[in-house]
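Reviewing the structure listed below.
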Amino acid sequence: MATPTPQTAPTGGLRERKKQRTRDALIRAALELFTEQGYDATTVDEIAEVVDVSQRTYFRYFANKEDVAFAVQEMVEARFLEELSVRPAAEAPLTALRSAVMVAWDEIGSAIESVIPLELHMRSYQMIESTPALVAVHLRRSSELEEQIARLIARREGLDVDTDPRPRVLVAAFSGVMRAAGKVWGEGPDCSVASIRELTESYLDHIGPAIAGDWRSHP
């Protein structure tokens, strides 16, 4: 009987997990430094030093400081887009947007906490809002995201986004509500996912009443 040949455990999974841990550690270190001493005052070398990696290693994961500052936000946005893309075709556009963001918030809390504490996520949001260089980036990224969402909505409705303004108009209203809810959440004392979810749901529920009817007779 032949002697079994020892099997070597696959290394791909272990290697990927190690890379993910390094990336997560860089995000957490960067956001801690940004919120403690300021975005502009923090260098890539300082971030790398906290994680005990080289500057070269840092640049394998992020092109610059801007990328790491928005890494968690990008994760949240990607989850929302993923959910929006699979919403039932029978749902009206605004219902699909609302449902997608609610489902995303149901699932994203644990994903955020696997990288950084929610309290740090809140502080990072506040840091972005108070840093001129990042506010400009945030506005640019928001504009790009809105265009992605508008085109996705147009595709699911069978519309040409370049000739029919409705997808962009709807997404502009939706995005404005999301920014308003995020601002109130970021300035409040409760940094929980339940809090941002509840606030977002309440604000989205007010889109219809806010743009139609008589405010004076229906407070």
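The values are calculated or read from the model by the stated rules, or taken from the named source; none is laboratory data. Everything quoted here is computed from the prediction, not taken from an experiment. Neighbour counts run over all protein chains shown; Cβ positions are idealised from the backbone, glycine included. Each accessible area value is taken on the protein alone, full model and side chains, heavy atoms only, with ligands, DNA and RNA left out. Shrake-Rupley method; radii C 1.70, N 1.55, O 1.52, S 1.80 Å.
Brief remarks follow.
- Between helix 12-37 and the chain: long-axis angle, C-alpha atoms, 0 to 90°, nearest 10: 60 degrees
- Charge dipole (debye, nearest 20) of the chain; +1 at Cβ of Lys and Arg, -1 at Cβ of Asp and Glu: 560 debye
- Against the main long axis of the alpha-carbon atoms of the chain, helix 166-187 sits at an angle near 70°.
- Euclidean distance between Cα centres, segment 42-60 to segment 133-181, Å: 34 Å
- Accessible carbon and sulfur surface of the chain relative to its total accessible area, %, 1.4 Å: 55 percent
- Using θ = phi - 60° and Karplus 6.51 cos²θ - 1.76 cosθ + 1.60, couplings along segment 70-87 (whole Hz; Gly, Pro as x): 9, 4, 6, 4, 5, 5, 5, 5, 5, 5, 5, 4, 4, 5, 4, 5, 10, 5
- Based on C-alpha pairs under 8 angstrom that are at least 6 apart in sequence, the chain has a relative contact order of 18 percent.
- Computed E for Ala133/Thr95 - FRET, C-beta separation, R0 45 angstrom, nearest 0.05: 0.75
- Karplus-derived 3J(HN,Hα), 6.51/-1.76/1.60, for each residue of segment 115-125, Hz, glycine and proline x: 10, 9, x, 4, 4, 6, 4, 5, 4, 5, 4
- Surface analysis of the chain yields an accessible area of 58 Å² per residue, using protein heavy atoms and a 1.4 Å probe.
- When the helices of the chain are scored as -39500 (n - 2.57) per DSSP H run of n ≥ 4 and the total is divided over every residue, the value at 222 nm lands at -24000 deg cm²/dmol.
- Where GluC sites (Glu not before Pro) fall in DSSP loop in segment 123-219, at most 11 other Cβ within 10 Å: none
- Tensor-based shape of segment 74-160 (alpha-carbon gyration tensor, a/c under 1.5 rounded, otherwise prolate or oblate): oblate
- Amide H partners (placed H, <5 Å) of Ile116, local residues excluded: none
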